[in-house]
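What follows draws every value from the coordinates through simple rules; no lab data is involved. These figures come from a predicted structure and were not determined experimentally. Cβ sites come from the backbone with ideal geometry, for glycine too, and all protein chains shown count toward neighbours.
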Amino acid sequence: MRKKIVAGNWKMNTTLPEAKELAIAVAEKSAQVPASVGLIVAPPFVNLNCVGHKLEGSRVELSAQNCADHTSGAYTGEVSADMIKAVGCKWTILGHSERRQYYGETDEKLVVKTRLALEAGLGVILCVGENLDEREAGKHFDVVTGQTKAVLYNFTAEDMKNIVIAYEPVWAIGTGKTATAEQAEEIHACIRRVIADKFGAAVADDMTILYGGSCKPSNAKELFAQPDIDGGLIGGAALKADDFIQIALSF
């Protein structure tokens, strides 16, 4: 039985006092969520240490939103996987659509980051997904297949145990368009086939694949009912503890 996960990506939100308040609320409410559902929160770098302390004693795990593609050195503004691990993180998000779009993250760079994160003992939430032009051109399967292969085919079946995939339909985020549960499921199923082609059915069946396209309490239950959707990478709804926990109760 593959792991169900609900992960909250706080993005560039929350000042330190806001992060403390949100972390305390999530930690307190997490007891409502069955143990079969993993809970993760990813605050901004500057709040990781504080949020980690507020989560102590709860079942909520800490994640970074990114990591550097070097281990150390003269890379001003960067934060290494080892630093992230040392502050208490168990995970890092890599390849988020915003990192790809605004900061030029390439699949080649993500291979390096993924390797460094795994070597540091972090789990990786790897994001893939197509934009509006690619969706409208009917290239969505090709794009997602290509991104998945370009990064994960560089790793081993053993590595896959510490990697989660998050599918982001970039075209459905902030565009007024909506991805249906069926549209999300067909891409998730495609990703699982891509993993099976390389690593075998057993590895693919064990792979957790999250939906990252504006998942909220009102649509989580329908999405999570799909056979290949194992949870969500939550954006805006993760900034409200009640909404985040309600999503996690939607299985």
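What to note about this one:
- Each Cα pair under 8 Å and six or more residues apart adds its sequence gap; the mean of these over the residue count of the stretch 29-169 is a relative contact order of 20 percent.
- Chain lengthening between residue 218 and residue 18 when straightened (0.36 nm per residue, less Cα-Cα): 69.5 nm
- Modelled label positions at residue 28 and residue 137, each set 7 Å beyond Cα in the direction of Cβ, lie 5.0 nm from each other.
- DSSP H segments from the chain that extend 24 Å or more along their own axis, Cα-based, with Kyte-Doolittle mean of -1.0 or above: 181-199
- Note on residue 181 and residue 149: the extension gain reaches 9.1 nm, defined as 0.36 nm multiplied by sequence separation minus the Cα-Cα distance.
- As a proxy for reagent exposure, ranking 105, 182 by other Cβ atoms within 10 Å from fewest up yields 182, 105.
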